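Student: Sharing a structure, written as structure tokens. Questions coming.
The values are calculated or read from the model by the stated rules, or taken from the named source; none is laboratory data. Note that the structure is predicted; figures quoted are calculated from it, not measured. Note that each Cβ is placed from the backbone with ideal geometry, even for glycine, and that neighbours are counted across all protein chains shown. Ligands, DNA and RNA are stripped out before the accessible areas are found, and what is left, the full protein with its side chains, is counted by its heavy atoms. Shrake-Rupley method; radii C 1.70, N 1.55, O 1.52, S 1.80 Å.
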Amino acid sequence: MKKVSIIICAFNEEETIKKVVSACCRFNPTAEVMVVDDGSTDATGQILKDLGKEYKFRYEKLPENKGKSWAMVHGVEQTTGDIILFFDADVSRISRQHFKSLLKPFMDDSADMVLGQPRETMIDYRINPFKSLTGERAMYRSDIMSILEDIREIRFGVETFINLYYQAEGKRIKYVLLEGLLHPNTFEKTSKVVATKKYISEGQEIALTYMNNYNLIVRRIENKMNHASRKTMDLISEVQVRINREIEEFINNLN
Ligand SMILES: Nc1nc2c(ncn2[C@@H]2O[C@H](COP(=O)(O)OP(=O)(O)OP(=O)(O)O)[C@@H](O)[C@H]2O)c(=O)[nH]1
Ligand SMILES: [Mg+2]
């Protein structure tokens, strides 16, 4: 049985942290659960200390804030599961099915990375251009170990880099819809000014990640082209076979 490590990165999430950690522990009794908190100033820490009396999980409190990617890497280094599930600390209405959807592709080895798509988001989930940046994602430890230093310090560029890397490597990425999962955006959590500032800096970190990793973008394009040409070749040989068969039939009918 493949062991799962659930890593929850949390920064000032006093509103939702208790329910998130409880759900992760309750719905995944055999999994290793770890919360990585680097410098929360609200009640997140106290809530987790109290919750530690009810549920078994590890609480890593880092002295200063170094960003989500740093916390993710720290979580990977401090856990041992073959499968790593990252789960954001600001979501709610979490169900057992969400974990089944995110982890099943690893039990039947039908994907290398699974991206969970909360249905309830700011932009309709069917057209959401940011769906690939979801915080609910699972992968094999063996794959992410090779990029830990690439992602440690890129803050909110982390999901972008991981996606680019997996696409460049031609790995199998699967989207699963997380029905009912609620992911409020920052405009719903704080003031317009603070939210705008946050999204601008997030946008800069994501843009920087693209600019600094165009080699991955080139490899991704090459992969797509190779894939397309392979499909075309398959189609050509399929048509060829059909033509040959019909010619043969035609000649047989002549005789
Ligand atoms: N440890 C740690 N966690 C962080 C940090 N920044 C964000 N997080 C956590 O990472 C998750 C995603 O962060 P959000 O701020 O919600 O980012 P987002 O989901 O892209 O943005 P929204 O759409 O506005 O929610 C949440 O669980 C945060 O608590 C950080 O600097 N350190
Ligand atoms: Mg969020």
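Student: Does any residue in region 149-170 that is β-branched (Val, Ile, Thr) come within less than 7 Å, Cβ to Cβ, of a residue that is open to solvent by 10 Å² or more (accessible area, probe 1.4 Å) and within 16 Å of ligand 2 (Cβ to nearest atom) six or more places away or on a different chain, and which pairs are these?
Tutor: Between residues of region 149-170 that are β-branched (Val, Ile, Thr) and residues that are open to solvent by 10 Å² or more (accessible area, probe 1.4 Å) and within 16 Å of ligand 2 (Cβ to nearest atom), the close pairs are Ile154/Glu205; Val158/Lys68; Thr160/Leu133; Thr160/Ile206.
Student: Among the aromatic types (Phe, Trp, Tyr), within 16 Å of ligand 1 (Cβ to nearest atom) and either assigned to a loop (DSSP other than H, G, I, E, B) or over 16 Å from the mean Cα position of the chain (by Cα) (or both): does that describe Phe187?
Tutor: Yes: the conditions hold for Phe187.
Student: Still on this structure, please answer the following. Can Asn28 be described as over 17 Å from the mean Cα position of the chain (by Cα), over 22 Å from Ile173 (Cα atoms) and within 16 Å of ligand 2 (Cβ to nearest atom)? Let's see the steps before the verdict.
Tutor: Values: over 17 Å from the mean Cα position of the chain (by Cα): yes; over 22 Å from Ile173 (Cα atoms): yes; within 16 Å of ligand 2 (Cβ to nearest atom): no.
Judged against the criteria, Asn28 is not a match.
Student: Looking at Glu169, Glu179 in this structure, which one is modelled with pLDDT under 95, under 20 Å from Phe87 (Cα atoms) and surrounded by 14 or more Cβ atoms within 10 Å (Cβ to Cβ)?
Tutor: Glu179
Quick grid of which residues meet (1) touching a Gly at 6+ places or on another chain (Cβ under 9 Å); (2) within 15 Å of ligand 1 (Cβ to nearest atom); (3) free of Cβ contacts under 8 Å to residues at least 24 places away in the same chain:
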site	(1), (2), (3)
Thr16	no, yes, no
Phe27	no, no, no
Thr41	no, yes, no
Leu62	yes, yes, no
Phe87	yes, yes, no
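Student: Something else: Considering region 5-31 alone, what residues qualify as being open to solvent by less than 30 Å² (accessible area, probe 1.4 Å) and either part of a loop (DSSP other than H, G, I, E, B) or touching a Phe, Trp or Tyr at 6+ places or on another chain (Cβ under 8 Å) (or both)? Steps first, answer last, please.
Tutor: First, the residues of region 5-31 that are open to solvent by less than 30 Å² (accessible area, probe 1.4 Å): 5-10, 16-17, 20-25, 28, 31.
Answer for region 5-31, where residues must be open to solvent by less than 30 Å² (accessible area, probe 1.4 Å) and either part of a loop (DSSP other than H, G, I, E, B) or touching a Phe, Trp or Tyr at 6+ places or on another chain (Cβ under 8 Å) (or both): Ile6, Ile7, Ile8, Cys9, Thr16, Val20, Val21, Ser22, Cys24, Cys25, Asn28, Ala31.
Student: While we're here: Please find, among Ile217, Ile243, the residue that is more than 30 Å from Phe99 (Cβ to Cβ), touching a residue at least 24 places away in the same chain (Cβ under 8 Å) and open to solvent by less than 90 Å² (accessible area, probe 1.4 Å).
Tutor: Step by step, each of Ile217, Ile243 is checked, and only Ile217 is more than 30 Å from Phe99 (Cβ to Cβ), touching a residue at least 24 places away in the same chain (Cβ under 8 Å) and open to solvent by less than 90 Å² (accessible area, probe 1.4 Å).
Residue-by-condition table, conditions (1) out of contact with any Ser or Thr (no Cβ under 9 Å at 6 or more places or on another chain); (2) of a type in the set (Phe, Trp, Tyr):
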site	(1), (2)
Tyr140	yes, yes
Glu149	yes, no
Ala168	yes, no
Gly180	no, no
Glu188	yes, no
Ile200	yes, no
Ile206	no, no
Ser229	yes, no
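Student: Being free of Cβ contacts under 8 Å to residues at least 12 places away in the same chain, away from ligand 1 (no atom under 13 Å from the Cβ), in a loop (DSSP other than H, G, I, E, B) and of a type in the set (Val, Ile, Thr), is that true of even one residue in region 125-138?
Tutor: yes
Student: If you go through region 52-88, how many residues are among the aromatic types (Phe, Trp, Tyr) and not in a loop (DSSP other than H, G, I, E, B)?
Tutor: Let us first name the residues in region 52-88 that are among the aromatic types (Phe, Trp, Tyr), namely 55, 57, 59, 70, 86-87.
Next cut, not in a loop (DSSP other than H, G, I, E, B) only: 59, 70, 86.
The total comes to 3.
Student: Related question: Mind counting the residues in region 89-121 that are more than 16 Å from ligand 1 (Cβ to nearest atom), assigned to a loop (DSSP other than H, G, I, E, B) and either more than 17 Å from Leu182 (Cα to Cα) or of a type in the set (D, E, K, R) (or both)? Walk me through how you get there before you give the answer.
Tutor: Taking region 89-121 and keeping what is more than 16 Å from ligand 1 (Cβ to nearest atom), we get 95-97, 99-101, 103-114.
Those still in the list that are assigned to a loop (DSSP other than H, G, I, E, B) too: 95, 108-112.
From the residues that got through so far, the ones that are either more than 17 Å from Leu182 (Cα to Cα) or of a type in the set (D, E, K, R) (or both) too are 108-112.
Count: 5.
Student: Residues that are aromatic (Phe, Trp, Tyr), closer than 17 Å to Arg141 by Cα and crowded, with 18+ Cβ neighbours inside 10 Å: does region 53-70 have at least one?
Tutor: The answer is yes; a qualifying residue exists.
Student: Condition check: surrounded by fewer than 21 Cβ atoms within 10 Å (Cβ to Cβ), within 16 Å of ligand 2 (Cβ to nearest atom) and touching a residue at least 24 places away in the same chain (Cβ under 8 Å). Does Ser95 satisfy that?
Tutor: Working: surrounded by fewer than 21 Cβ atoms within 10 Å (Cβ to Cβ): yes; within 16 Å of ligand 2 (Cβ to nearest atom): no; touching a residue at least 24 places away in the same chain (Cβ under 8 Å): yes.
Taking the combined requirement at face value, the residue does not satisfy it.
Student: Are any of the residues in region 195-203 open to solvent by less than 60 Å² (accessible area, probe 1.4 Å) and away from ligand 1 (no atom under 16 Å from the Cβ)?
Tutor: no
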